[in-house]
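*Asks:* Next up is a structure, given as structure tokens.
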Amino acid sequence: MSRTSPGNGDKVSVRRVAFASAIGATIEWYDFFIYGTAAALVFNKLFFSNLPDSVGTLVAFGTFAVGFLARPVGAVIFGHLGDRVGRKQMLILTLVIMGASTFVIGLLPTYDQVGVLAPILLVIMRVLQGIGVGGEYGGAVLMAVEYAPRGRRGFYGSWPQVGVPGGLLLASLMFSVLSFVPDAQFDAWAWRIAFLSTIVLAGVGLYVRLKVMETPAFARVQAAQNEAKVPFVDLLRTHRKQLLQGMGTRWIEGLAFNAYAVLAVSYATSDVGVSKSVVLNGIAIGAAIGCVLTPVYGHLSDRFGRKRVYGTGVVAIVLYTFPSLALIRTGSTPLIWLSIALGLGVIYAAIYAPLAAMWSELFDTRIRYTGIGSVYQFSGIYASGLTPLIGASLIGWLDGEPWLFGVYMVVVGLISLAVVAYMPETYRKEIMPTVSADGETVDAGAGREVAAGGERDVPRAGLGA
């Protein structure tokens, strides 16, 4: 077992952990995103064929939102276990749940085959997806952030963030390839390939994650027997303010992502009249750009601060909202690609990249898994899960015009900007637990400056081969 100090971590070990977090997160988010794409393209026809098309689309997006309602449950369950038992085991379990539930969706019968049982089974699998991904995020982030050397948490914490554009890229490429199948065949069977293929991807993710060991920060807490007895209760008792701050910063992030990655598919195909392949290719381009820029923005947050990078991204998305909608509304393929590439790949990445480190720095080690998961998943209900439903409703009120949705997006952006303006800057804080000079007291350390002295560091846990 290798041992490294918190200040100058074993670069090979840290990079391996970051890679494991990124790969596993990419696979889990792929599982989650293919549902959103399928809901926009085909689920209304297959599982809600007894309803008018417009109503069926809204109901399909409603099942998409169900996954977000289940995600806080996963955050609390796996956050509790992750703060009590450890980060690694939870990452393996969440990947199994996500992979199995996604695979089963690919086998489900349709409404025409079994009637109301079909949408019931679909919702059950979506709930399991939500529980799995609800526990995934906090663990993936902490595996990277709690291993990261001082001054590099933003960069290494951004690698599990790459899982979002990475998973979206895989999902978009999958459906882009499947879009070449004639519509009748796509609706009949081809869409199932995206879900069934997850069994292979999940196997890859499990192989990678089984090779990492527990994080150094949690190992210290565990060695001192200082685990929180009920982490969620401790979170509400001691970190309510930080929880609300994190949820406020999450709002525009979730809204912006789902506007470009989910709602744009429905709006461009149904209201603008372009083919689904045009939009999916645009999303793939944006996701590919995001995979490259997310670590860059994470690095910049280590140099200039989390608030500055995040705030710049929010200001940019507020200014870009209406021009972006206008570009999609033209129906021009290059302009649609430009709209999504800039919004999703360039601007959104600046908002999302620093959040992993920012949220990690808000909470003490003993409740950090629960804290990060709760921030991301509870706010995901309104920030992400309801966005396609709200967006489709607002666009429908104006008979296919997107401007009311644009107003909603700008207002949310300004709210998130106000929240971050009143938050403390945390990029110079130390998050590793410390032992006092007498060796008796363990301090969670979420508020210490990196340069603070007078503390004795315990050697970090290592990483298995």
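*Asks:* Any residue in segment 167-188 that's under 23 Å from Trp337 (Cα atoms) and touching a residue at least 60 places away in the same chain (Cβ under 8 Å): show its pairings with residues that are of a type in the set (Lys, Arg) and part of a helix (DSSP H, G or I) at Cβ separation under 6 Å, as long as the two are six or more apart or on different chains.
*Replies:* What qualifies is Ser179/Lys276.
*Asks:* Additional query: Can you find, within segment 380-407, the residue that is farthest from the chain's Cα centre (by Cα) among those that are buried (at least 24 other Cβ atoms within 10 Å of the Cβ) and among the hydroxyl-bearing types (Ser, Thr, Tyr)?
*Replies:* Applying the filter and picking the extreme gives Thr387.
*Asks:* I'm checking my understanding of the structure. Among residues of segment 111-136 that are touching a residue at least 40 places away in the same chain (Cβ under 8 Å) and in contact with a Pro (Cβ under 8 Å, 6 or more places away or on another chain), which one is nearest to Thr63 (Cα to Cα)?
*Replies:* Step by step, filter segment 111-136, then rank; the result is Ala118.
*Asks:* To continue, here is another question. Could you name every one of the helices (runs of 4 or more DSSP H) located completely within segment 183-223 that has at least 2 residues being modelled with pLDDT under 85 and closer than 22 Å to His80 by Cβ?
*Replies:* Output list reads 216-223.
*Asks:* Does segment 175-207 hold any residues that are among the β-branched types (Val, Ile, Thr), farther than 21 Å from Phe43 by Cβ and buried (at least 18 other Cβ atoms within 10 Å of the Cβ), and which are they?
*Replies:* If the condition is that a residue be among the β-branched types (Val, Ile, Thr), farther than 21 Å from Phe43 by Cβ and buried (at least 18 other Cβ atoms within 10 Å of the Cβ), then no residue fits.
*Asks:* Considering segment 224-237 alone, what residues qualify as being part of a helix (DSSP H, G or I) and either touching an Asp or Glu at 6+ places or on another chain (Cβ under 8 Å) or aromatic (Phe, Trp, Tyr) (or both)?
*Replies:* Answer for segment 224-237, where residues must be part of a helix (DSSP H, G or I) and either touching an Asp or Glu at 6+ places or on another chain (Cβ under 8 Å) or aromatic (Phe, Trp, Tyr) (or both): Pro231, Phe232.
*Asks:* Quick check, is Val278 more than 18 Å from the chain's Cα centre (by Cα), in a helix (DSSP H, G or I) and in contact (Cβ under 8 Å) with a residue 24 or more places away in the chain? Step through it out loud before you land on a result.
*Replies:* Values: more than 18 Å from the chain's Cα centre (by Cα): yes; in a helix (DSSP H, G or I): yes; in contact (Cβ under 8 Å) with a residue 24 or more places away in the chain: yes.
Criteria met by Val278.
Okay, residues lined up against (1) modelled with pLDDT of 95 or more; (2) assigned to a loop (DSSP other than H, G, I, E, B); (3) in contact with a Ser or Thr (Cβ under 7 Å, 6 or more places away or on another chain); (4) within 30 Å of Arg209 (Cβ to Cβ):
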{"residue": "Phe378", "(1), (2), (3), (4)": "no, no, no, yes"}
{"residue": "Ala383", "(1), (2), (3), (4)": "no, no, no, yes"}
{"residue": "Glu401", "(1), (2), (3), (4)": "no, yes, no, no"}
{"residue": "Met409", "(1), (2), (3), (4)": "yes, no, yes, no"}
{"residue": "Val412", "(1), (2), (3), (4)": "yes, no, no, no"}
{"residue": "Leu417", "(1), (2), (3), (4)": "yes, no, no, no"}
{"residue": "Thr426", "(1), (2), (3), (4)": "no, yes, no, yes"}
{"residue": "Gly462", "(1), (2), (3), (4)": "no, yes, yes, yes"}
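*Asks:* Related question: Scan Met125, Met213 and give me the residue that is in contact with a Leu (Cβ under 6 Å, 6 or more places away or on another chain) and farther than 23 Å from Ala287 by Cα.
*Replies:* Residue meeting the stated conditions: Met213.
*Asks:* Hey, another quick one. Could we say that Gly254 is within 24 Å of Val346 (Cα to Cα), crowded, with 19+ Cβ neighbours inside 10 Å, in contact with a Leu (Cβ under 9 Å, 6 or more places away or on another chain) and among the small types (Gly, Ala, Ser) here? Break it down stepwise before answering.
*Replies:* Values: within 24 Å of Val346 (Cα to Cα): yes; crowded, with 19+ Cβ neighbours inside 10 Å: yes; in contact with a Leu (Cβ under 9 Å, 6 or more places away or on another chain): no; among the small types (Gly, Ala, Ser): yes.
It is false that Gly254 is within 24 Å of Val346 (Cα to Cα), crowded, with 19+ Cβ neighbours inside 10 Å, in contact with a Leu (Cβ under 9 Å, 6 or more places away or on another chain) and among the small types (Gly, Ala, Ser).
*Asks:* Still on this model: Can you name every residue in segment 98-130 that is crowded, with 23+ Cβ neighbours inside 10 Å, closer than 22 Å to Val141 by Cβ and either among the aliphatic types (A, V, I, L, M) or in contact with a strand residue (DSSP E or B) (Cβ under 6 Å, 6 or more places away or on another chain) (or both)?
*Replies:* Scanning segment 98-130 gives a single hit, Met98.
*Asks:* When you scan segment 194-202, do you find a residue that is aromatic (Phe, Trp, Tyr), out of contact with any Cys (no Cβ under 6 Å at 6 or more places or on another chain) and more than 13 Å from Asp31 (Cα to Cα), even just one?
*Replies:* From segment 194-202, those aromatic (Phe, Trp, Tyr) are 195; that's our starting set.
Imposing the further condition that a residue be out of contact with any Cys (no Cβ under 6 Å at 6 or more places or on another chain) reduces the set to 195.
Adding the requirement that they be more than 13 Å from Asp31 (Cα to Cα) leaves none.
There is no residue in segment 194-202 that is aromatic (Phe, Trp, Tyr), out of contact with any Cys (no Cβ under 6 Å at 6 or more places or on another chain) and more than 13 Å from Asp31 (Cα to Cα).
*Asks:* Quick one: would you say Gly373 is under 17 Å from Glu253 (Cβ atoms), surrounded by 24 or more Cβ atoms within 10 Å (Cβ to Cβ) and modelled with pLDDT under 90?
*Replies:* On the way: under 17 Å from Glu253 (Cβ atoms): yes; surrounded by 24 or more Cβ atoms within 10 Å (Cβ to Cβ): yes; modelled with pLDDT under 90: no.
Considered against the rule, which asks whether it is under 17 Å from Glu253 (Cβ atoms), surrounded by 24 or more Cβ atoms within 10 Å (Cβ to Cβ) and modelled with pLDDT under 90, Gly373 comes out as no.
*Asks:* So, one more: If a residue has to be among the aromatic types (Phe, Trp, Tyr), within 20 Å of Asp271 (Cα to Cα) and either modelled with pLDDT under 85 or touching a Pro at 6+ places or on another chain (Cβ under 7 Å) (or both) to count, how many in segment 36-63 make the cut?
*Replies:* Adding up the residues that qualify gives 1.
The values are calculated or read from the model by the stated rules, or taken from the named source; none is laboratory data. It should be emphasised that the depicted structure is a prediction, and the values quoted were computed from it without experimental measurement. Using ideal geometry, Cβ is built from the backbone for each residue, glycine included, and neighbour counts are taken over all protein chains shown.
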